[in-house]
1. Could you tell me how many of the residues in the range 198-238 are within 44 Å of the chain's Cα centre (by Cα), assigned to a loop (DSSP other than H, G, I, E, B) and of a type in the set (D, E, K, R)?
2. From the set of residues in the range 50-89 that are in a helix (DSSP H, G or I) and of a type in the set (Val, Ile, Thr), which is farthest from the chain's Cα centre (by Cα)?
3. Just checking, how many residues over the range 185-197 are closer than 12 Å to Leu5 by Cβ, hydrophobic (A, V, I, L, M, F, W, C) and not in a loop (DSSP other than H, G, I, E, B)?
4. Quick one: would you say Ala168 is under 40 Å from the mean Cα position of the chain (by Cα) and either away from the ligand (no atom under 16 Å from the Cβ) or touching a residue at least 12 places away in the same chain (Cβ under 8 Å) (or both)?
5. I'd like to verify a number: residues in the range 94-123 that are more than 15 Å from Gln57 (Cβ to Cβ) and in contact (Cβ under 8 Å) with a residue 24 or more places away in the chain, how many?
6. Can you pull out the residues in the range 194-212 that are crowded, with 16+ Cβ neighbours inside 10 Å and more than 11 Å from the ligand (Cβ to nearest atom)?
7. Please state which of the following conditions Val190 fails to meet, knowing it meets all the rest: (1) away from the ligand (no atom under 16 Å from the Cβ); (2) modelled with pLDDT of 95 or more; (3) farther than 30 Å from Ile39 by Cα; (4) in contact with an Asp or Glu (Cβ under 9 Å, 6 or more places away or on another chain).
Amino acid sequence: MQKDLELLLKLQEIDYTIGELERSKGYLPDMVHQLQKQIDEAANSVKALEERLTQLQLDYKRLELELQTLENELAKYQSQMKIIKTNKEYDALMAEMETRKTRISKGEDELLKVMNEMEELNAKIPEYKQQLTEIKKTNQVQLAEMKKEIDSIGTKIKIKEDERKNIAVRIGKPAAAIYERVRKGKGEVVVVSVKKKACSGCYKSFPPQRIQEIRKGDGIICCDNCGRILIWDSDSEN
Ligand SMILES: [Zn+2]
């Protein structure tokens, strides 16, 4: 293969690596953000459940106190029953007792609901905490790797750019100009091999005479359809 073509292939490889590094500048911070978000969301879930449990514990205490007060009042009215003298007093006392009984029954229902939810939360919270621990463990390893990766992108690009310069100066001007022109229009895939008698960049088939020219490899030959630089390599014989 021509020296220029060999160098162009190397250049293409370096350009691809630089492209990948440039792209990672965009997506790595997004991935870091996603991993951090997963940790935060898991932590927030635990926090929300714990806050709910604290609220329920307060509700439980309040309801217990309220019920105790109502029971005391009921007991007091019941003892007063023994000493009433008139029907009017009796009716008034009965009304008070009914009110207390209704409120006790409502309070007990509420207390039961609170206790059920507390039981659920006491089972749920350790599960959520376990999930948080696992997410933290996994994500923090990845986060450390990604942050290291982000910090090294600049240096890696610089190294590749130096490599690129060293190769670029050795390429003939016409070949280099064609490469840069195609790269501008077609992106990273500039030098392509002929496969099954066709351009592997755009799949256009070539007539036998054209195949002969490419195989001989005199000068830079471009695909007349997509303009990419064609090479004849081990894959092309098939
Ligand atoms: Zn082509």
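1. Summing the residues that are within 44 Å of the chain's Cα centre (by Cα), assigned to a loop (DSSP other than H, G, I, E, B) and of a type in the set (D, E, K, R) in the range 198-238 gives 4.
2. The extreme case among them is Thr69.
3. 2
4. Yes: the conditions hold for Ala168.
5. 6
6. Arg210, Ile211
7. Failed condition: (1).
Every residue, every condition in (1) at pLDDT 95 or above; (2) surrounded by 12 or more Cβ atoms within 10 Å (Cβ to Cβ); (3) among the aromatic types (Phe, Trp, Tyr), yes or no:
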{"residue": "Leu111", "(1), (2), (3)": "yes, yes, no"}
{"residue": "Asn116", "(1), (2), (3)": "yes, no, no"}
{"residue": "Pro126", "(1), (2), (3)": "yes, no, no"}
{"residue": "Lys160", "(1), (2), (3)": "yes, yes, no"}
{"residue": "Gly217", "(1), (2), (3)": "no, yes, no"}
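The values are calculated or read from the model by the stated rules, or taken from the named source; none is laboratory data. Small disclaimer: the values here were computed from a predicted structure and weren't measured. Cβ atoms come from the backbone with ideal geometry, glycine included; neighbour counts cover every protein chain shown.
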